[in-house]
Amino acid sequence: MSDTVRELAVDLGERSYPILIGQGLLGSRDLSEYVQGSQVLIVTNEAVAPLYLDRAKSCFPGKSVDTVILPDGEKYKDWQTLNLIFDHLLQNRHSRKTTLVALGGGVVGDMTGFAAACYQRGVLFIQIPTTLLSQVDSSVGGKTGINHPLGKNMVGAFHQPEMVLIDTDTLSSLPPREVAAGLAEVIKYGLIREIEFLDWLEANVDRLVALDSPAIAEAILRSCACKAEVVAKDEREGGLRAILNLGHTFGHAIETFAGYGNWLHGEAVGTGMIMAADLSAREGMISREQFDRAATLIKRAGLPELPPQGMTPDDFRNLMAVDKKNVDGRLRLVLLADLGKAIVTEDAAAENLAATLAGFCRCD
Ligand code: NAD
Ligand code: GLY
């Protein structure tokens with residue numbers, strides 16, 4: 001284990017919590033101080049349990065630790081699978097003092113958090129994210145929920161964790177495609193808010209793809225710091241927080257069209273950010289050179305640049321119409337006013353959106 005543990009705070013008054021980032025934390029950290037009563041339920045999945053469940057259990061010495069192992073995959077981020085958590089809690093008589101622990105990627109994290117928000121009207125939970133995407137994004141900020149067949153993440157709640165434990169060693173077992181998916185969200189922070197971070201990413205993206213430890217630790221720290229700052233300013237997405245959705249309006253449409261799990265969330269966000277950058281250029285907000293910079297970085301991370309074969313502009317329009325950012329039927333998009341500066345707008349010209357969709361869709 002490396003001695004370097006970096007700590008950040010998500011500053012939300014009485015709901016503030018720490019994010020601990022380091023190597024070898026899982027299994028060596030006692031997390032009992034974040035548990036209210038004597039009961040703990042670790043929620044994980046079939047892929048992660050054999051790798052990390054024993055180490056996670058040992059973080060709660062002296063507690064009564066139960067586990068529930070869900071099927072693996074985005075297609076199981078649904079009511080039926082969520083109910084397995086409630087079944088387990090009730091069958092094993094977990095009280096309202098129980099603490100849920102999410103051990104896995106964003107799917108497990110979002111579902112466990114939502115179960116914690118609902119069980120007996122709300123119990124504590126801890127996030128132990130094990131994918132790059134969940135370490136830089138989904139474990140922080142308290143968005144929890146499940147998918148609906150008609151729309152991604154459409155049923156959920158805001159519910160903040162007690163703490164987030166990021167053990168960067170868990171990334172060693174992550175397939176390259178999942179690493180690339182996580183890098184999409186890392187690049188997002190550079191594009192929306194942190195131009196110096198974008199410069200750093202351009203210089204270091206090859207090290208990140210190769211999971212070079214110091215580079216990955218730096219990227220996680222800077223990503224979490226950016227997310228924590230935005231969430232502290234706008235926890236419930238009254239305004240600013242919506243910029244964290246750069247590329248997500250296009251991306252959620254791609255994920256839903258492709259069928260949950262066929263495109264990874266991060267892959268869809270990567271393509272979606274290229275499309276959002278293209279629209280920003282058509283709107284005259286960024287130059288074509290800036291668009292190229294953004295698109296090149298996203299492609300260097302190993303992410304796809306085009307949506308699925310056969311997806312039409314109408315498919316995009318229909319699916320984007322149910323985006324959570326929309327108000328009174330008006331499409332709201334996150335665009336780039338500059339590299340390192342995102343804005344939310346309802347004012348994108350219809351002909352520019354049409355040109356972006358036509359330019360990216362391969363519907364021959
Ligand atoms: P995921 O949870 O499906 O994990 C990806 C795959 O990696 C899964 O097969 C998983 O079992 C496996 N895995 C997890 N950890 C591993 C490890 N250490 N080694 C090997 N395999 C491992 O996907 P994800 O990319 O982590 O998360 C995507 C989800 O997160 C989406 O549902 C998305 O909507 C959600 N999300 C939520 C927020 C939020 O703010 N709540 C933000 C971004 C994304
Ligand atoms: N991933 C977007 C958000 O947390 O707001």
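Residue-wise test of (1) modelled with pLDDT of 95 or more; (2) among the acidic types (D, E); (3) on the phi > 0 side of the Ramachandran plot.
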{"site": "G272", "(1), (2), (3)": "yes, no, no"}
{"site": "M285", "(1), (2), (3)": "yes, no, no"}
{"site": "I298", "(1), (2), (3)": "yes, no, no"}
{"site": "G302", "(1), (2), (3)": "yes, no, yes"}
{"site": "G329", "(1), (2), (3)": "no, no, yes"}
{"site": "G340", "(1), (2), (3)": "yes, no, yes"}
{"site": "A355", "(1), (2), (3)": "yes, no, no"}
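Consider the stretch 123-160 and keep the residues that are in contact with a Ser or Thr (Cβ under 6 Å, 6 or more places away or on another chain) and more than 23 Å from H88 (Cα to Cα). The one that is farthest from ligand 2 (Cβ to nearest atom) is K152. Kindly evaluate L20 against the criterion of being touching a helix residue (DSSP H, G or I) at 6+ places or on another chain (Cβ under 9 Å) and surrounded by 15 or more Cβ atoms within 10 Å (Cβ to Cβ). It is false that L20 is touching a helix residue (DSSP H, G or I) at 6+ places or on another chain (Cβ under 9 Å) and surrounded by 15 or more Cβ atoms within 10 Å (Cβ to Cβ). Among the numbered conditions (1) more than 16 Å from ligand 2 (Cβ to nearest atom); (2) more than 21 Å from H252 (Cβ to Cβ); (3) open to solvent by less than 30 Å² (accessible area, probe 1.4 Å), the only one that T81 does not meet is (2). Selection within the stretch 319-364: residues that are among the aliphatic types (A, V, I, L, M), free of Cβ contacts under 8 Å to residues at least 40 places away in the same chain and not in a helix (DSSP H, G or I). The member of this set that is surrounded by the fewest Cβ atoms within 10 Å (Cβ to Cβ) is V327. Within the stretch 153-164, identify whether any single residue is in contact (Cβ under 8 Å) with a residue 24 or more places away in the chain, aromatic (F, W, Y) and open to solvent by 10 Å² or more (accessible area, probe 1.4 Å), and answer yes or no. Looking through the stretch 153-164, at least one residue is in contact (Cβ under 8 Å) with a residue 24 or more places away in the chain, aromatic (F, W, Y) and open to solvent by 10 Å² or more (accessible area, probe 1.4 Å).
Picking from residues in the stretch 90-107 that are assigned to a helix (DSSP H, G or I) and within 16 Å of ligand 2 (Cβ to nearest atom), the one that is least open to solvent (accessible area, probe 1.4 Å) is G106. With a requirement of 3 or more residues that are out of contact with any Gly (no Cβ under 9 Å at 6 or more places or on another chain), the helices (runs of 4 or more DSSP H) lying completely within the stretch 232-318 that satisfy it span 265-282, 288-300. Being crowded, with 23+ Cβ neighbours inside 10 Å and farther than 23 Å from H265 by Cβ: is that true of T44 here? Here the answer is no, as T44 does not meet what is asked. Assessment of the stretch 308-316 against the conditions (open to solvent by 20 Å² or more (accessible area, probe 1.4 Å) and within 28 Å of A219 (Cα to Cα)) yields no matching residue. The residue of the stretch 249-260 that is nearest to ligand 1 (Cβ to nearest atom), among those that are touching a helix residue (DSSP H, G or I) at 6+ places or on another chain (Cβ under 6 Å) and open to solvent by 10 Å² or more (accessible area, probe 1.4 Å), is Y260. When we screen G190, G238, G182 for residues that are at pLDDT below 95 and within 16 Å of ligand 2 (Cβ to nearest atom), the only hit is G238. Of the listed requirements (1) away from ligand 2 (no atom under 14 Å from the Cβ); (2) over 16 Å from the mean Cα position of the chain (by Cα); (3) in contact (Cβ under 8 Å) with a residue 40 or more places away in the chain, Q120 misses just one: (3).
The values are calculated or read from the model by the stated rules, or taken from the named source; none is laboratory data. On a predicted model such as this, the values are computed, not experimentally measured, just so you know. With ideal geometry, Cβ positions are generated from the backbone for all residues, glycine too; neighbour counts draw on all protein chains shown. Protein only, heavy atoms only, side chains kept; ligands, DNA and RNA dropped before computing areas. Shrake-Rupley method; radii C 1.70, N 1.55, O 1.52, S 1.80 Å.
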